[in-house]
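The values are calculated or read from the model by the stated rules, or taken from the named source; none is laboratory data. These figures come from a predicted structure and were not determined experimentally. Cβ: placed from backbone, ideal geometry, glycine included. Neighbour counts: every protein chain shown. We work out accessible area using only protein heavy atoms, side chains counted, and drop any ligands, DNA or RNA first. Shrake-Rupley method; radii C 1.70, N 1.55, O 1.52, S 1.80 Å.
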Amino acid sequence: MDYNRQTPPVYYGGNSTSLTTHVNAIMRKVYVRMFIGLLISAFCALGVAASPAAMAFFFGNKVVFWVMLIAMFAMAWVLPSRFMKMSQGAVLGCFFLFSGMMGAWLAPIFYVYKLGTITYTLFITAGTFGAMSVYGYFTKRDLTGMGNFLMMALFGLIILMIVNIFAHSSTIGWIVSIVGVLLFVGLTAWDTQQMKRIAQANMDPTMSDKLATIGAMNLYLDFINLFIFLLRIFGGGSND
């Protein structure tokens, strides 16, 4: 459904105030659930990094490694398209499970980067994400065209990253990191505006929980990817 061309219906015959209240309620759920997802990821990353046995299980076993990687990709692509047929609890549970797996996947950063680097990169990511999300929510500019371009650029970035797996080029690596930051800065604003429009166009209160969870997952992925690309730029060495 193209929400960008759809005029939001009036909320139960109410006025613009009730519409704003409805949208704000969904957006609050989006940010709260996104924050919970980030906390789950942080605790899982720290827990796995602190345990040599857990590190060996997730990254020393090729079967576990590939199963987790494929599962995360499958959930990221399938959940947004299947959530309408799932219960509210199942959608939320899948998002939190995804957050936990992503946290385990990020555990090696504590062996590659210094803790101080991770910390200040996290603060920079939070500030950048917050500013772009606020912009996406309040701007009157239609970001649809920018969003379409960014999605095409995302596929190009993925191809470039795959090429660099074989090329091992530091130059390409820097280009990927810089483009990745710019890409997810833009996607943060776009996803926020899209979530706001979807909330305006779907006034059924029974759908609000599902919509909030999917919105939280989209913004969660923007935050995580922005953090990873910024960390590659600011990372100044290992803990060894």
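Given region 85-125, report the % of alpha carbon pairs whose separation exceeds 14 Å. Cα-Cα pairs of region 85-125 separated by over 14 Å account for 63 percent. Size check on region 101-204: the Cα extents along the three principal axes, sorted descending, read 46, 30, 24 Å. Calculated translational diffusion coefficient of region 40-183 (25 °C, 0.890 mPa s; Stokes-Einstein with Kirkwood radius over alpha-carbon pairs) equals 137 µm²/s.
Rounded to the nearest 10 square angstrom, TRP174 shows an accessible area of 130 square angstrom against a 1.4 Å probe.
Largest first, the extents of the alpha carbon coordinates of region 190-240 on the three principal axes equal 53, 19, 6 Å. For region 168-221, the spread of Cα positions along the three principal axes, ordered from largest to smallest, is 50, 16, 9 Å. One compactness figure for region 143-237 is 1.29, namely its Cα radius of gyration divided by 2.2 N^0.38 Å.
Note on surface exposure: VAL134, VAL30, VAL181 rank VAL134, VAL181, VAL30 by accessible area, highest first, 1.4 Å probe.
Helix 88-106: angle to the longest alpha-carbon principal axis of the chain, degrees 0 to 90, nearest 10? So the helix axis and the longest Cα principal axis differ by about 30 degrees. Accessible surface of the chain, 1.4 Å probe: 72 percent of it comes from carbon and sulfur atoms. Nearest 10 degrees is fine. How inclined is helix 208-234 to the longest principal axis of the chain, computing both from alpha carbons? Between the helix axis and the principal axis of the chain, the angle is about 30 degrees. The ellipsoid that matches the Cα gyration tensor of the chain has semi-axes, each √(5λ) in whole angstrom, of 33, 21, 17, with the longest given first.
Per-residue accessible area (protein heavy atoms, 1.4 Å probe) orders HIS168, HIS22 as HIS168, HIS22, starting from the largest.
Protein heavy-atom accessible surface, 1.4 Å probe, per residue over region 32-134: 55 Å². Per-residue 3J(HN,Hα) values for region 158-165, derived from phi via the Karplus relation 6.51 cos²θ - 1.76 cosθ + 1.60 with θ = phi - 60°, read 4, 4, 4, 5, 5, 4, 6, 4 Hz in sequence order (x marks Gly and Pro). Helix 115-138 axis versus longest C-alpha principal axis of the chain: approximately 20°, rounded to the nearest ten. Over every Cα atom in region 43-98, the radius of gyration and the widest Cα-Cα span, Dmax, amount to 13.8, 40 Å. Summed over qualifying helices (DSSP H, 4 residues or more, each -39500 (n - 2.57)) and divided by its residue number, the chain shows a 222 nm mean residue ellipticity of -28000 deg cm²/dmol.
This model, with +1 at the C-beta of Lys and Arg and -1 at the C-beta of Asp and Glu, gives the chain a dipole about its Cα centre of some 220 debye.
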